[in-house]
Structure formats: C-alpha cells, structure tokens
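The values are calculated or read from the model by the stated rules, or taken from the named source; none is laboratory data. Because the structure is a prediction, the values reported are computed rather than measured. Positions of Cβ are generated from backbone atoms using ideal geometry, with glycine treated the same way; all protein chains shown enter the neighbour counts.
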Amino acid sequence: MPETNQRQLGESDSPIEDALEYAFRRMVDEGTQRLHRSWREVLATGFFGGTDIAVGVLAYLAVLNATHQPLLAGLAFSVGFLALLLGRSELFTEGFLIPVTTVAAKRASFGQLMKLWSGTLIANLAGGWLLMLLMMTALPQLHAQTIESAAHYATAPLSIETAALSLLGGMVITLMTRMQHGTESMPAKIAAAVAGAFLLAGLQLFHSVLDSLLIFGALITGKAPFGYLDWLGWFSYTAVGNLVGGLLLVTLLRLVRSKDRLQEERRDAEGSDASGRR
C-alpha cells in the first residue's frame, strides 16, 4: 500500500500504525529524558535499581529454599521487576530498547548512551552488593541455598549453551521493556513484569545483574567454592550476550519495523540542530 494511503488510514499522520506511533513517541520522549540525566542522577537511579533487584533476589531465594521449585521462585522474583517499574529505577539491561531508539532518532548522542550504560551497570552492582551483604547477614538460613543457586552461574564455562542462555536473557528483559512501552495500562505493565521474571529467573536464563547478585551473596557468606575472578569471567561473556540478545533479537527488529518513522524523527532532529546553530 502506498505510504500516502497508509498515513490516511490512521488517526495520526504517521507512516506507521497508530499503536506503533504512540509507542515510538513514548520511547523517544522517555529516552531523551533518561539520556540527558547528570552523572549524579544516573548513579542514584542505577543504585536504586540494584537494591530493587536485590529485593527480588531475596523473594526468589526464600521461595526456592522453601519449595525447591525454580518456576515458583521465578514468580516470586517478579517483586524485583515490579519495584523497578513502580519505583522508576534503572536496570542496565533495560537500557537496550529505549535509549538506543533515542540515539538512532538523533535525540541524544552515543556518548550519552555510554554514560547511561556504564553508570547504571556500576551502580546496579554496587547497590545490589550492599543489599546482598545485609541479606546474608540478617538471614543465615539462606546461605546454603544462595551458594547452590549462585554456583549454577559462577562455575558455568563459556559454551554454546551458556552463550545461548545469555542471548535469551538479554532478549527476555528487552522484550519485557517493549511490552511495557506498548501500553499505557498499568495492569498490563505489571503482567509483563511478572512474565519477564517467570522466564528470566524461573528458567534460570543468564542475566548479568540479577545473577551477579546471587553470586555476590554466595561470596559474602565466605563459603562459596568460587571467587570474584570466577564471577568476572562469567560476567564478561554474560554481559556481552545480554547486550547482543537485547539489541539484535528485539531492538534492531523494532527499529526496522519503524524505519520510516525513525527517518522522519532524524530529519526533525537535524532540522532543529540546524535552526539552533543559526
């Protein structure tokens, strides 16, 4: 169908469907605000993201310790994603779809994206480590379960299986973000958070931040059969896998789907920059 007819079919004057237009607009508006944060705001928001996820890890460990059912524990972990959603904190792997779309639309720079990613990741790990310290100190009955759960990740060598688990982990968290920004319904956003937690934690996919907190908890007990260097080796390939999975399997496809709208946004941004220089 010609583009002119496509524009005439919807309520908005856009080359893509109305639902995609509204979601695209929300993503670019939110991404612009997130990418223009100061370092203080990036680090504070990321720190809270780490503590929020640690609360989800606590729920996960408590249910897993009581039931030995990973799928039930995965549902319990949704507490962490709900805290992220309702508390407006930031998780490193949430920064794949929205910020990248914003940079592609020329509403922010690549340098700002790097600041968001690096600051959020460091703050996530710092906030999560601190809360895991408090949790392992307060709840010694969870030590054995924490070590057992963490060993599944920390001792996993790089292989086709673990690489695939990392790719799926990045895809699932980015898909959750896409679902949440495709609707304005809070119940639907909550449902997406629960579904994401069920898949990510329940199926024990590899996630660079979530599973790092499990490993930190085990290391804090002083009884783990692995060390921080083992964590670093696991984290290195998992973070890359998450990044590739989130960008290639979700973000890139969304950008291709909204290519015409993205080109319009880029032209508008370039026009605004040109006007500002005059």
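Worth pointing out:
- Single unsatisfied condition, residue 179 versus (1) in a helix (DSSP H, G or I); (2) modelled with pLDDT of 95 or more: (2)
- Applying a threshold of 7 Å to beta carbon distances and a minimum spacing of six or more residues, or different chains, the list of pairs starting in segment 155-168 at a residue that is in a loop (DSSP other than H, G, I, E, B) and ending at one that is of a type outside the set (D, E, K, R) reads 155/226; 156/162; 156/234; 158/237.
- Consider segment 27-56 and keep the residues that are without any contact (Cβ under 8 Å) to a residue 12 or more places away in the chain and not hydroxyl-bearing (Ser, Thr, Tyr). The one that is surrounded by the fewest Cβ atoms within 10 Å (Cβ to Cβ) is 40.
- The test for being free of Cβ contacts under 8 Å to residues at least 40 places away in the same chain, part of a helix (DSSP H, G or I) and over 29 Å from residue 65 (Cβ atoms) holds for residue 188.
- The number of residues in segment 84-129 that are under 17 Å from residue 258 (Cβ atoms), within 12 Å of the chain's Cα centre (by Cα) and not in a helix (DSSP H, G or I) comes to 1.
- Any hit, segment 206-220, residues being in a helix (DSSP H, G or I), of a type in the set (S, T, N, Q), more than 16 Å from residue 71 (Cα to Cα) and touching a Ser or Thr at 6+ places or on another chain (Cβ under 8 Å): no
- Candidates 224, 195 - the one that is under 14 Å from residue 85 (Cα atoms) and out of contact with any Phe, Trp or Tyr (no Cβ under 9 Å at 6 or more places or on another chain): 195
- Per this entry, residue 80 is not counted among residues that are assigned to a helix (DSSP H, G or I), under 17 Å from the mean Cα position of the chain (by Cα), modelled with pLDDT under 90 and not aliphatic (A, V, I, L, M).
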